[in-house]
């Protein structure tokens, strides 16, 4: 029974990681940028849901919607203001800018909330007891919503015109504008989709774990990024696979070892993957042209 | 040209000094005795300032921080500027140096003779950091760019997490009560030594290899550059001085904990390098000095300072991505042979340009 309970925890954590990892992998796939600010957008979403729930006393669905819209717009404006001027610049400059934007978001939130905050529960606490295993409504909601969103995203990327344009830009950025595709618009849509998913993850996370602090985005963002790398960065199905693998590893580590070893094992896993299979499980090795 | 000069000379005295400097800059800049005189004066000052309290203790500590930050920025510049990689793990190497040296001075060396063994502890910190850099150097043989940045970042987290898990070295609480052994002459000595070694490394054969890696790795391998050895050396040298700086830092702050060496510290060093200019020793000195002084001036702003710093980084990247000095070098740091080669090359280029034009 204990094992089944842990399996449910793995599903929940994996869903949250997966939602964030999708944003990383989409942005990387399309403009080859590690968006270091992505984890912090997740954190901003958690704080906005906190503000809406505490000061405006909104119920769950409006809180979720407003947070998602706000953070998606924030993600898009960050792309427009900070990353777009650097489209032609060396890659390193963009990565540094992303680091700077991430730090800015953290410290900006820190100005207002220097201490960890407790988010009120907005969802009804319903627990089902299935023969020794406790499943809450929140578990079901998080896993169900995540799987649904992943399915929708997969459909968008593989079956629609926008998705086709995204894949085309990822393939070759110079030819696509000649075919009448507005590259800037597609990149904006990618950022909106990616950060929107991270925002949903943020709200869900704050509901599931209830304490939020301005620096939480760094570590969770990194872990989500590791998921994307394990699965093969730029690959949407890989990100989801990687998320559940990492969640399983982390929960198993916490079960069998002291919990302080979790980060150590996680980052060692990243190092091992980067050293032996940098393109991940589902990714293809890049061909370097001279 | 002549006309402008005459006009400005009439304008003010300050301008005439500027023009004099401009006209005689070659002679001044290539004047090695001035450099050695500066070194002697600086070394004497580093003894005199704490001895006679020429400035108050607060400013003395800031001066020492500037020295340590110069070591950090210059050593990171080897990897990020000259080799063209992107390392965000400098704080990790710093942590290794800081912990190794403080454990040595606290537990191994007799505390009454700490000041005698201090240089040994600093070197030990640097050497261990250089050995640890293998963890980053070996994956760098295969990967570069974003993935290498990730490896260095993972390295920082691993170091931090390891330190937090070892109770014997204080765990998450860190080490308190380190002797204050970092003095101004030591900081001055290590700063000058690191600048000297790094400058000589860059203009050596291996340094050329490092530069060629920045331009094109495959091409440089074709030109028979031993890329593995070069990368290994660059990382080892860079992390050696990061370890040294960490050791000096620990014995100045007298308290270290894993939290001190997190990604924010790495970002601080990155800002210094990119503010001053990549691929330039003078730029690193400038960047480290400006950044340290700026942070101290802005201290009254409190938390707001932490918001301004990342914004500065973003604006810097958008408007001047190569920093103040950006791949240029102050002539003092360029060997005289190198200057002559450049001069000859320019002259020849002018002749060939004129020929091809006619």
Mind giving me the nanometre distance, one decimal, between the label points for residue B:255 and residue B:38, set 7 Å out from Cα along Cα→Cβ? 3.7 nm
Give the angle, between 0 and 90 degrees and rounded to the nearest 10, that separates the Cα long axis of helix A:161-171 from the longest principal axis of the Cα atoms of chain A. 70 degrees
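Can you check how the C-alpha radius of gyration of chain B compares to 2.2 N^0.38 Å, as a plain ratio?
Normalised by 2.2 N^0.38 Å, the Cα Rg of chain B equals 1.08.
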Modelled FRET efficiency - R0 41 Å, residue A:135 with residue A:272, Cβ distances, 0.05 increments: 0.75
In whole angstrom, note down how far apart the Cα centers of the range B:154-204 and the range B:325-355 are. 37 Å
Relative contact order for chain A using alpha-carbon pairs under 8 Å, separation at least 6, rounded to a whole percent? 35 percent
How high is the relative contact order of chain B? Use alpha-carbon pairs under 8 Å, at least six apart in sequence, and give a whole percent. 27 percent
Taking Cα pairs closer than 8 Å and at least 6 residues apart, the relative contact order of the range B:190-312 in percent is 13 percent
How large is the convex hull of the Cα atoms of the protein assembly as shown per residue, expressed in Å³ as a whole number? 204 Å³
Largest first and in whole Å, what are the equivalent-ellipsoid semi-axes of the range A:2-276 based on the Cα gyration tensor, each being the root of 5 times an eigenvalue? 30, 22, 19
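How many partner chain Cβ atoms sit within 10 Å of a residue's Cβ in peptide A:257-263, on average, as a whole number? The partial results should precede the final answer.
Numbers: counts 1, 1, 0, 5, 4, 1, 8.
Counting other chains' Cβ atoms within 10 Å and averaging over A:257-263 gives 3.
Calculated from DSSP H runs of 4 or more alone, at -39500 (n - 2.57) each and per residue, what is the 222 nm mean residue ellipticity of chain B, nearest 500? Spell out each step's value before the answer.
Details: 16 runs with 261 residues, N = 358.
Calculated mean residue ellipticity at 222 nm is -24500 deg cm²/dmol.
Determine, for B:78, A:66, the number of other Cβ atoms within 10 Å of each Cβ, and report the residues in order from fewest to most.
Details: B:78 27, A:66 18.
Ascending Cβ contact count within 10 Å gives the list A:66, B:78.
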On Cα atoms only, tilt of B:281-297 relative to the major axis of chain B in degrees: 60 degrees
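Among B:233, B:54, B:148, B:339, what is the fewest-to-most ranking by other Cβ atoms within 10 Å?
Values: B:233 20, B:54 11, B:148 23, B:339 14.
So the residues, fewest neighbours to most, are B:54, B:339, B:233, B:148.
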Using the Cα atoms of the range B:174-217 to build a convex hull, what is its mean projected area in square nanometres? 5.4 nm²
Using only atoms on other chains, find how many Cβ atoms lie within 10 Å of each Cβ of peptide B:140-147 and report the average. 4
Placing each pseudo-label 7 Å from Cα in the direction of the beta carbon, residue B:354 and residue B:226 end up separated by a distance in nanometres of 4.5 nm
Spacing of the two label points (7 Å from each Cα toward its C-beta) at residue B:53 and residue A:171, in nm: 7.6 nm
Residue-span extension gain [residue A:55 to residue A:73] - 0.36 nm each, minus C-alpha spacing: 4.3 nm
Order of B:157, B:241, A:70, A:256 under a 10 Å beta carbon neighbour criterion, fewest first: A:256, A:70, B:157, B:241
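Please find the FRET efficiency linking residue B:166 to residue B:189, where r is the Cβ-Cβ separation and R0 is fixed at 51 Å, and quote it to the nearest 0.05.
Details: r = 32 Å, r/R0 = 0.62.
Calculated transfer efficiency: 0.95.
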In degrees, nearest ten, helix A:38-55 long axis to first principal axis of chain A (Cα): 50 degrees
Please compute the average number of Cβ atoms from other chains found within 10 Å of each residue's Cβ in peptide B:312-322. 6
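Bear in mind these aren't lab numbers, they're just calculated from the coordinates by the rules spelled out. If you're wondering where the values come from, they're calculated on a predicted model, not measured in any experiment. Note that each Cβ is placed from the backbone with ideal geometry, even for glycine, and that neighbours are counted across all protein chains shown.
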